[in-house]
Amino acid sequence: MAETLKQAIDATTVAMLRARGSFKWTAPGPDGFGAAVAEMDFGAAPAILDALAALSADANFGYLPPVLADRLAAACAEFQRRRYGWAVDPALVHHVPDVIKALEIAIMHFSRPGSPVILPTPAYMPFLSVPGFLGREIIQVPMLEEKGFFTFDLGGIKDAFLAGGDLLIFCNPYNPLGRVFTADEITQLTGVVDRHGGRVFADEIHAPLVYPGLRHIPYAATSATAAAHALTATSASKAWNLPGLKCAQVILSSDSDQQTWEEMGFFAAHGASNPGVVANIAAYRHGETWLDEVLAYLDDSRRLLAGLLKRHLPQVRFRPPDGTYLAWLDCTAMDLPGSPGALVTDRARVTVVDGPAFGDGGPGAFRLNFATPQPILTEMVERVAAALGAGS
């Protein structure tokens with residue numbers, strides 16, 4: 001009886017997620033499970049819903065007014081100081097529609113014209129395509145790995161600078177590997193960048209999603225040297241599940257970069273929406289209680305995932321992430337008839353992102369989003385185990 005009731009509850013929850021109509025849950029089809037898109041299945045913080053309701057009541061759907069932009073800058077700066085101890089001047093916080101737009105700006109306005117972009121891999125998929133759209137080559141530098149623990153290949157990054165690279169993409173917490181980098185790792189990386197006159201684009205969009213025992217350290221906060229060559233991109237979109245509302249922030253940390261920004265012109269960064277701005281403000285100022293509750297659940301979920309894999313797929317190498325809700329599952333020890341992510345998506349009907357999409361270092365692995373109710377996560381892993389076991 002208990003198992004029958006559990007199955008009924010699970011089926012109802014999945015039906016509700018599909019009915020919500022998100023891309024994550026509709027793309028897999030009517031019988032599929034969504035674990036590819038980086039969204040959470042936990043609704044929204046009450047403070048955000050209240051802020052959006054107030055905006056709607058006022059029909060404030062026009063162009064972004066300066067007063068809202070200023071409130072966003074102040075809220076972001078307050079959150080950085082409160083959460084990470086980074087004293088940010090609100091005047092150096094600028095709104096953009098998303099982190100991808102921030103990367104475009106970093107490449108086009110803050111890196112040497114025509115220079116290659118340096119990208120540690122495996123990497124967030126758009127980072128492998130955006131530079132090419134802007135006429136830039138990419139120098140991939142695979143991360144070093146030992147027993148599932150990934151670190152930067154500083155020698156490879158040095159070689160990439162010597163080969164003409166200028167802008168390094170630094171993702172922390174790291175999508176898809178889940179690393180949260182230490183102060184020592186950041187210091188060593190800063191030294192390599194500084195010795196070669198490089199720049200850093202610091203993608204810190206997952207910064208609020210760090211688990212107990214670890215802490216996020218903003219790259220630009222570690223030293224004056226790091227601050228001088230970094231542009232930081234962040235948003236409330238991942239931690240509070242707001243990507244469709246279109247709002248992110250670029251935090252500058254040098255006077256020269258602020259001058260460059262002022263010279264870019266209004267439309268270079270145009271596109272943040274009023275709903276996105278008010279939602280980000282509400283998240284930063286009133287959403288931390290909700291965030292901490294979600295983090296506690298995700299912390300349990302990453303441990304649950306580790307246990308499920310140990311039981312059902314012991315050959316899969318998995319290190320619970322330090323941050324993010326994204327799991328990197330290494331299947332290279334398995335004898336499979338194809339790429340594991342493709343097998344999982346096709347056979348298990350659990351959509352994941354296959355490793356080759358993340359560039360060098362990706363083949364043989366896949367990324368799974370575990371920010372879903374734990375009964376659904378359990379069924380996903382059981383489906384994955386059946387699919388991969390049938391092909392081994």
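Quick notes
- Take the chain and mark each of the chymotrypsin sites (Phe, Trp or Tyr not before Pro) that is in a DSSP loop with at most 11 other Cβ atoms within 10 Å; the longest unmarked stretch, sites excluded, is 64-392.
- Carbon and sulfur %, accessible surface of the range 82-145 computed with the full protein complex present, 1.4 Å: 57 percent
- When the P(r) of the range 76-184 is calculated, the portion above 16 Å amounts to 65% of the C-alpha pairs.
- Per residue, the chain reaches -13500 deg cm²/dmol at 222 nm when only DSSP H runs of four or more residues are counted, each adding -39500 (n - 2.57).
- For the range 259-357, accessible area per residue (1.4 Å probe, heavy atoms of protein chains only), Å²: 44 Å²
- Interchain or long-range residues, amide H under 5 Å from Val117's placed H: Glu137, Ile138, Ile139
- Selection among Trp86, Ala75, Ile107 by position relative to the dipole of the range 64-113 gives Trp86 as farthest towards the positive end (Cβ unit charges, Cα centre).
- Carbon and sulfur %, accessible surface of the range 28-71 computed with the full protein complex present, 1.4 Å: 61 percent
- Added length on full extension, which subtracts the Cα-Cα distance from 0.36 nm per residue, His109 to Ala91: 4.6 nm
- Backbone HN-Hα couplings from phi across the range 163-180 [Karplus 6.51/-1.76/1.60, Hz, Gly and Pro as x]: 7, x, x, 10, 10, 9, 8, 10, 9, 8, x, 8, 9, x, 7, x, 5, 10
- Estimated FRET transfer efficiency (Thr182, Ser56; beta-carbon r; R0 41 Å; 0.05): 0.40
- Distances between placed amide hydrogens fall under 5 Å for Phe33 paired with Val350, Thr351, all partners being 5 or more residues away or on another chain.
- Taking a straight line from the alpha carbon of Lys24, these lysines sit under 20 Å away, with near neighbours fewer than eight places off in the same chain left out: Lys238, Lys246.
- Straight-distance crosslink candidates among lysines, where the alpha carbon sits under 20 Å from Lys310 and sequence neighbours closer than 8 are dropped: Lys147
- Computed 3J(HN,Hα) for the range 85-91, one whole-Hz value per residue from the Karplus formula 6.51 cos²θ - 1.76 cosθ + 1.60 where θ = phi - 60°, is x, 9, 7, 10, 7, x, 5, glycine and proline marked x.
- With contacts taken as Cα pairs under 8 Å and at least 6 residues apart, the range 195-247 reaches a relative contact order of 42 percent.
- Stretchable slack from Ser223 to Leu162, in nm (0.36 nm times residue separation minus alpha-carbon distance): 19.6 nm
- Percent RCO, i.e. relative contact order, over the range 4-120, from Cα pairs under 8 Å lying at least 6 residues apart: 11 percent
- The residues of the range 22-117 expose on average 45 square angstrom of accessible surface per residue, using a 1.4 Å probe on protein heavy atoms.
- Taken one residue at a time, the phi angles of the range 380-388 give Karplus couplings (6.51, -1.76, 1.60, θ = phi - 60°) of 4, 5, 5, 5, 4, 4, 5, 5, 6 Hz. Gly and Pro are set to x.
- When only Cα pairs below 8 angstrom with a gap of at least 6 residues are kept, the chain shows a relative contact order of 22 percent.
- Surface composition of the range 268-392: carbon plus sulfur atoms contribute 51% of the solvent-accessible area (1.4 Å probe, protein chains only, all chains present).
- Förster radius 25 Å - calculated FRET efficiency between Ala15 and Asp346 (Cβ-Cβ, nearest 0.05): 0.65
- Förster-model FRET efficiency, 25 Å R0, Arg303 and Thr26, C-beta, rounded to 0.05: 0.25
The values are calculated or read from the model by the stated rules, or taken from the named source; none is laboratory data. In this text the structure is predicted, and so the values were computed from the model without any measurement. In this analysis, Cβ positions are derived from the backbone assuming ideal geometry, glycine residues included, and neighbour counts consider all displayed protein chains. SASA here: full protein model, heavy atoms, side chains in, ligands and nucleic acids out. Shrake-Rupley method; radii C 1.70, N 1.55, O 1.52, S 1.80 Å.
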